[in-house]
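S.K.: The structure under discussion is supplied below as structure tokens; questions concerning it will follow.
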Amino acid sequence: MHRDDLRRMLLVTLLSAAAGWLSGELLLCLWLGAVGYILWQQRRLERLLQWMRGRREEAKGLDQGVVGELLDHCELRQERYRKRKKKLSNMLKQFQKATRALPDATVVLDGDGAITWSNPRAERLLGVQWPRDGGRRIASIVRHPAVVRLLRQQDQAEAGEEMPSPVDPTRVLNLRLVPYGKGQRLLVARDVTEVVQAARVRSDFVANASHELRTPLTVLSGYLETLTEGELPPPERLLPLLQKMRQQCGRMRHMVEELLLLSRLEQCEAEPVREAVDVSLLLAEIQQQAMELGGDARHLFYLEADHRLGLTGCPSELHAAFANLVFNAVQYTPPGGTIRIRWYGDEQGAHLVVRDTGIGIPAHHLPRLTERFYRVDDSRAREDGSGGTGLGLAIVKHVLQRHGARLVIESEEGKGSTFRCDFPPESVVELDREETPARAEAD
Ligand code: ADP
């Protein structure tokens, strides 16, 4: 027994015995003393209970005896509990912050597939909103067979399931269900649209490249078969055949070179080589090559270039891009047509404009023109091999992107096309030259 209580009990007994001795009612007084003591202790216990229920003022005067010790003990425990609660709530806050920052949608499900918690990303990807959807079954909110399959399977599937996002069907989600704890499951949805698209582009690219190379190869092996089957034809018939074979070989070589250049541009994430490029000189060279390419077509060329305006960039990449635009103008402009090349600067930066009076491009083709292997007139390229590879403008787009520039295409069917490259002011350099802007005309 507690020392304080023992002392009090002794005191009560003594006082009761003294009162009994004085009154001659010893037993009655002792009994009254004992009952009084029990009632007093009972009252103290009741006050302790009230204090535990939150009435702080009840603790006054309860600091002695076993009840006082109980009070100390409870206070100590309460303090520990408060500290732990604070720590836990801090941890919970940190955890919620972390899950909020997660790029994946996360939904906690109970054994029946009912939602017990979800992060904000789940609303954007799956349309699940916490706390609104708490307690609802996930399958009734995200209605897709992939979810049903996931919930049914016992083991966690390695690859998960793919499905379109119920919020935005253009996005593809990868769903995985991770079991944890007692019957709890974590549904994790990741946006894999870009990954799926990249895989599709890659496989399309391989299919297209093989297809494009097969056409000239088939033509070539056809000629070779004719030549090796019977007797060799006389020279006057042999020569055109050999020329056609050479043309197909040239076509394949050109395509492989363009493919290599494109893959170099795509793989090379590093900044292009940066040096001051004399654009007007570059354009004069390209114009010369274009005139040779045009042969008998006798196109009328106009070159107007600001000699003092240069670019910081990679000369070989810029040559490839600009030559593609000018050679296209030659290729798609009938004999006698006009090709104008203009290089100038203004407050928005520097601009290269290649304008022709050629066959033009129907408006609905314009958005897809810079895609790899995209051609307006596919049949022409396949049948007689005279068309291009469909890679030229893809190369132009990549080179411009690497130089912070963009391509603008305007065209009217039957009237002609304009290709404009806009370079930002920061890529423009002033060349140390005294001459006045050049004008060149040639046909
Ligand atoms: P290609 O090697 O076939 O020329 P490009 O990527 O350079 O490939 O061009 C894609 C398509 O855009 C071409 O097939 C052609 O139909 C069209 N095109 C490009 N430049 C012109 C132009 N100046 N005039 C008309 N059509 C053009």
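S.K.: Considering each residue of region 254-282, count those that are within 23 Å of P315 (Cβ to Cβ) and not in a loop (DSSP other than H, G, I, E, B), and give that number.
M.R.: Residues flagged as within 23 Å of P315 (Cβ to Cβ) and not in a loop (DSSP other than H, G, I, E, B) within region 254-282 amount to 20.
S.K.: Sort out which residues of region 233-244 are open to solvent by 80 Å² or more (accessible area, probe 1.4 Å) and in contact (Cβ under 8 Å) with a residue 12 or more places away in the chain, and write them in order of number.
M.R.: The one that is open to solvent by 80 Å² or more (accessible area, probe 1.4 Å) and in contact (Cβ under 8 Å) with a residue 12 or more places away in the chain: K244.
S.K.: Evaluate the following for E236: is it in a loop (DSSP other than H, G, I, E, B), modelled with pLDDT under 90 and not assigned by TED's automatic domain parsing to the domain that holds L318?
M.R.: Values: in a loop (DSSP other than H, G, I, E, B): no; modelled with pLDDT under 90: yes; not assigned by TED's automatic domain parsing to the domain that holds L318: yes.
Answer is no for this residue.
Residue by residue, here is whether (1) within 22 Å of L431 (Cα to Cα); (2) within 16 Å of the ligand (Cβ to nearest atom) holds:
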residue: T226; (1), (2): no, no
residue: Q247; (1), (2): no, yes
residue: R253; (1), (2): no, yes
residue: L259; (1), (2): no, yes
residue: E275; (1), (2): yes, no
residue: I286; (1), (2): yes, yes
residue: A297; (1), (2): no, yes
residue: R308; (1), (2): yes, no
residue: F327; (1), (2): no, yes
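S.K.: What number of residues within region 362-371 are in contact with a helix residue (DSSP H, G or I) (Cβ under 8 Å, 6 or more places away or on another chain) and within 8 Å of the ligand (Cβ to nearest atom)?
M.R.: Within region 362-371, residues that are in contact with a helix residue (DSSP H, G or I) (Cβ under 8 Å, 6 or more places away or on another chain) and within 8 Å of the ligand (Cβ to nearest atom) number 2.
S.K.: For region 37-80: of the residues being small (G, A, S) and out of contact with any Phe, Trp or Tyr (no Cβ under 7 Å at 6 or more places or on another chain), which is farthest from M9 (Cα to Cα)?
M.R.: So, considering only residues that are small (G, A, S) and out of contact with any Phe, Trp or Tyr (no Cβ under 7 Å at 6 or more places or on another chain), the one farthest from M9 (Cα to Cα) is G54.
S.K.: Could you list, in sequence order, all residues of region 319-337 that are in contact with an Asp or Glu (Cβ under 7 Å, 6 or more places away or on another chain) and of a type in the set (V, I, T)?
M.R.: Passing the criteria: only T333.
S.K.: Applying the selection to region 396-415, what residues are touching a strand residue (DSSP E or B) at 6+ places or on another chain (Cβ under 8 Å) and small (G, A, S)?
M.R.: Within region 396-415, G404, A405, S411 qualify.
S.K.: Another question, then. Within region 342-354, is even one residue surrounded by fewer than 21 Cβ atoms within 10 Å (Cβ to Cβ), within 14 Å of the ligand (Cβ to nearest atom) and aromatic (F, W, Y)?
M.R.: Scanning region 342-354, I find no residue that is surrounded by fewer than 21 Cβ atoms within 10 Å (Cβ to Cβ), within 14 Å of the ligand (Cβ to nearest atom) and aromatic (F, W, Y), so the answer is no.
S.K.: Just checking, does region 334-351 include any residue being hydrophobic (A, V, I, L, M, F, W, C), free of Cβ contacts under 8 Å to residues at least 60 places away in the same chain and under 17 Å from A284 (Cα atoms)? Before you say what the answer is, go through the steps one by one.
M.R.: Kept after step one, since they are hydrophobic (A, V, I, L, M, F, W, C), are these residues of region 334-351: 339, 341, 343, 350.
If we keep only those that are free of Cβ contacts under 8 Å to residues at least 60 places away in the same chain as well, we get 339, 341.
Those left that are additionally under 17 Å from A284 (Cα atoms): 339, 341.
So far as region 334-351 goes, yes, one or more of its residues are hydrophobic (A, V, I, L, M, F, W, C), free of Cβ contacts under 8 Å to residues at least 60 places away in the same chain and under 17 Å from A284 (Cα atoms).
S.K.: Determine the pairs where a residue that is at positive phi, located within region 414-432, has a partner that is within 13 Å of the ligand (Cβ to nearest atom) with Cβ atoms under 6 Å apart, the partner being 6 or more residues away or on another chain.
M.R.: G414/G360; G416/D356; G416/T357; G416/G358; G416/G360
S.K.: With the structure loaded, tell me whether L241 is farther than 29 Å from E371 by Cα and outside the structural domain of E317 (by TED's automatic domain parsing) or whether it fails that test. Outline the logic, then answer.
M.R.: On the way: farther than 29 Å from E371 by Cα: yes; outside the structural domain of E317 (by TED's automatic domain parsing): yes.
Judged against the criteria, L241 is a match.
S.K.: Suppose the filter is modelled with pLDDT of 90 or more, crowded, with 17+ Cβ neighbours inside 10 Å and away from the ligand (no atom under 16 Å from the Cβ); does F423 pass it?
M.R.: Answer is yes for this residue.
S.K.: Can you find even one residue in region 46-57 that is within 28 Å of the chain's Cα centre (by Cα), in a helix (DSSP H, G or I) and either farther than 24 Å from N174 by Cβ or among the hydroxyl-bearing types (S, T, Y) (or both)?
M.R.: Scanning region 46-57 turns up no residue that is within 28 Å of the chain's Cα centre (by Cα), in a helix (DSSP H, G or I) and either farther than 24 Å from N174 by Cβ or among the hydroxyl-bearing types (S, T, Y) (or both).
S.K.: Given the structure, is L177 of a type outside the set (D, E, K, R) and in the same structural domain as G113 (by TED's automatic domain parsing)?
M.R.: So L177 passes the test.
S.K.: From the set of residues in region 387-420 that are assigned to a strand (DSSP E or B) and either not assigned by TED's automatic domain parsing to the domain that holds C314 or not charged (D, E, K, R) (or both), which is farthest from the ligand (Cβ to nearest atom)?
M.R.: Result: V408.
S.K.: What's the number of the only condition in (1) open to solvent by less than 60 Å² (accessible area, probe 1.4 Å); (2) under 30 Å from E123 (Cα atoms) that G230 fails to meet?
M.R.: The failed condition is (2).
S.K.: Let me ask something additional. Can you tell me how many residues in region 105-124 are of a type in the set (K, R) and more than 19 Å from the chain's Cα centre (by Cα)?
M.R.: 0
S.K.: Let me ask another. In region 372-386, what residues are more than 7 Å from the ligand (Cβ to nearest atom), modelled with pLDDT under 85 and part of a loop (DSSP other than H, G, I, E, B)?
M.R.: Scanning region 372-386 gives G385, S386.
Rundown of residues vs (1) open to solvent by 70 Å² or more (accessible area, probe 1.4 Å); (2) within 26 Å of the chain's Cα centre (by Cα), yes/no style:
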residue: H73; (1), (2): yes, no
residue: M91; (1), (2): yes, no
residue: Q94; (1), (2): yes, yes
residue: K97; (1), (2): yes, yes
residue: P103; (1), (2): yes, yes
residue: L126; (1), (2): no, yes
residue: A139; (1), (2): no, no
residue: P164; (1), (2): no, yes
residue: L175; (1), (2): no, yes
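The values are calculated or read from the model by the stated rules, or taken from the named source; none is laboratory data. Keep in mind it's a predicted model, so treat the numbers as computed, not measured. A quick note on method: Cβ atoms are made from the backbone with ideal geometry, for glycine too, and the neighbour counts reach across all protein chains shown. Note: accessible area is taken over every heavy atom of the protein model, side chains too, but ligands, DNA and RNA are not part of it. Shrake-Rupley method; radii C 1.70, N 1.55, O 1.52, S 1.80 Å.
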